[in-house]
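*Asks:* Structure in structure tokens, see below.
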Amino acid sequence: MIKPIRVISFLILISFILQISAQEIQFGDNKKEPLTDGPYIFWKESEAVVKYILEDNLVNKSFNLADDETMVFSLDGLEGEFEISRKEKLPEPYIFSNVTKIFALSDVHGQFD
């Protein structure tokens, strides 16, 4: 027979774990940093709809482009310039001779310095 004290202790432990997991976890002394992400480009007929998040706020921009047009632009709050075009860009092929092994390194999030 299970003693009532063990059942109560178990329920208190489960309740404590659920409370902790429901709270926002912060590391160190840092407060939650505002989120900045993007830009993401969506095509709507001849219009490029650019969406990005700047310090927790969604920003929308629209640009009209002809089929053969390329546009370079900057976005408020983001570093650098961005290029959009309706033309399909194919990368130049790389040809390697006398190579038995290839090592590939990727920086998916673009934060490698």
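*Asks:* Considering only residues of segment 68-107 that are without any contact (Cβ under 8 Å) to a residue 24 or more places away in the chain, β-branched (Val, Ile, Thr) and closer than 30 Å to Leu35 by Cα, which is surrounded by the most Cβ atoms within 10 Å (Cβ to Cβ)?
*Replies:* Thr70
*Asks:* Filter segment 52-94 down to the residues that are of a type in the set (Lys, Arg) and either under 24 Å from the mean Cα position of the chain (by Cα) or modelled with pLDDT of 85 or more (or both) and list them by number.
*Replies:* Once the filter is applied, which keeps residues that are of a type in the set (Lys, Arg) and either under 24 Å from the mean Cα position of the chain (by Cα) or modelled with pLDDT of 85 or more (or both), segment 52-94 yields Lys61, Arg86, Lys89.
*Asks:* Suppose we filter Ile102, Ile95, Ile84 for residues that are in contact with a Phe, Trp or Tyr (Cβ under 9 Å, 6 or more places away or on another chain) and part of a loop (DSSP other than H, G, I, E, B); which single one remains?
*Replies:* It is Ile102.
*Asks:* Are any residues in segment 44-67 assigned to a strand (DSSP E or B) and either touching a residue at least 60 places away in the same chain (Cβ under 8 Å) or among the small types (Gly, Ala, Ser) (or both), and if so, which ones?
*Replies:* Ala48, Ser62 - these are the residues of segment 44-67 that are assigned to a strand (DSSP E or B) and either touching a residue at least 60 places away in the same chain (Cβ under 8 Å) or among the small types (Gly, Ala, Ser) (or both).
The values are calculated or read from the model by the stated rules, or taken from the named source; none is laboratory data. No experiment lies behind these values; they were computed from the predicted model shown. Neighbour counts are summed over all protein chains in view; Cβ atoms, including those assigned to glycine, are modelled from backbone coordinates with ideal geometry.
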